[in-house]
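Worksheet: one structure, shown below.
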Amino acid sequence: MGIQFITDSTADLTKEYIEANGIRLIPMIYQMDGQEYYDSPLGGVNTQTRKEFYDAMRAGAQPTTSQINEITFTEAFEEILSQGDDAFFISFSSGLTGSLNNARLACETLKEKYPERTVYMVDSLSASQGEGLLVHMGIEAMKSGKTPEEVKAYLDEARFCIHHRFTVEDLVYLKRGGRISAATAAVGTMLSIKPMLSVDDEGHLVSQEKAKGRKKALKSLVAHLVEKAGEDFAGDIYLVHSDASEADIDFTRAAVQQQFGRDVTQVSTLSPIIGAHTGPGLVALIFHTPGSSR
């Protein structure tokens, strides 16, 4: 008997990491221009590169997203349980999708068929590399000899210490998704006001302070990191973007370098499932600081 990790594609894990660690990835689905696509870094039928997705948005496409249904979860979990293994599922924030409820329903169904097997489940209350970071922490904890129960308890606590701070380029997408009003979007665009957003303890996107201009918004990301983690923070720093310009990515990396004397740990492109609601040009810093609050 072993244990296999499962997560969904919003975790923004690389193809190489997924394959090297034997992770079972469940693609999420989005619709665009009358066609259905699977969001997966592993590629395959009916997938797009993330560059293709954001180029389509810039050209006027308005994608919509779907939660993972119970049948998909049942098939994914059963593939593992039928092999005699347990499953460890780390999900996209329940504050941003209803998928986790469908996963729980699938587990209830499978419990009757596989009474000796267990699906351990952690609501990441996170998105993108925040969710991916929990997957990584869980795998490393399991390698260190912790039991699945200990790993679950560890991640259930650690998730509240994962910080997401981001800013968007164009307010029209937040307006379209109901995150801000039409009036706020119009005034913000006219005055180049950039809202700073984060994820709260319930896994919801929440607006924080505002910055005047793109450069100040990007600098604010690093200022928030210093505020939460300290001037000598030595942990991993993840830069995530939704096809932002090279200039904005380089500017943010340089600000991190200036503050901490080192580059970010990893640069990755945001899942279309989240990007559909934030639009192209988002830039985020994500990090874990044990013992801190969001």
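The values are calculated or read from the model by the stated rules, or taken from the named source; none is laboratory data. The shown structure was predicted, so the numbers you read here are calculated from the model rather than taken from an experiment. Cβ sites come from the backbone with ideal geometry, for glycine too, and all protein chains shown count toward neighbours.
Observations on the model:
- Exactly one residue out of K212, K143, K175 is out of contact with any strand residue (DSSP E or B) (no Cβ under 7 Å at 6 or more places or on another chain), modelled with pLDDT under 95 and basic (K, R): that is K175.
- The conditions of being modelled with pLDDT of 80 or more, crowded, with 17+ Cβ neighbours inside 10 Å and not in a strand (DSSP E or B) are not met by L239.
- Here Y120, Y114 are screened, and the one residue that is in the same structural domain as D8 (by TED's automatic domain parsing), more than 27 Å from A284 (Cβ to Cβ) and in contact with a Leu (Cβ under 6 Å, 6 or more places away or on another chain) is Y114.
- Looking only at residues in region 63-113 that are touching a Ser or Thr at 6+ places or on another chain (Cβ under 7 Å) and within 28 Å of V172 (Cβ to Cβ), the one that is surrounded by the most Cβ atoms within 10 Å (Cβ to Cβ) is F92.
- Flag for L25 being touching a strand residue (DSSP E or B) at 6+ places or on another chain (Cβ under 6 Å), among the aliphatic types (A, V, I, L, M) and without any contact (Cβ under 8 Å) to a residue 24 or more places away in the chain: no
- Restricting region 132-152 to residues that are surrounded by 15 or more Cβ atoms within 10 Å (Cβ to Cβ) and out of contact with any Leu (no Cβ under 9 Å at 6 or more places or on another chain) leaves a set whose member that is farthest from T278 (Cα to Cα) is K146.
- Which listed residue is under 26 Å from S198 (Cα atoms), aliphatic (A, V, I, L, M) and in a strand (DSSP E or B), from I6, I68: I6
- Matching entry among A106, A56 (being at pLDDT 95 or above and in contact with a helix residue (DSSP H, G or I) (Cβ under 7 Å, 6 or more places away or on another chain)): A106
- When E227 is tested against the conditions (1) in a loop (DSSP other than H, G, I, E, B); (2) closer than 23 Å to R159 by Cα; (3) of a type outside the set (A, V, I, L, M), the lone failure is (1).
- For region 233-259, filtered to residues that are among the charged types (D, E, K, R) and in contact (Cβ under 8 Å) with a residue 24 or more places away in the chain, the residue that is nearest to H288 (Cα to Cα) is D236.
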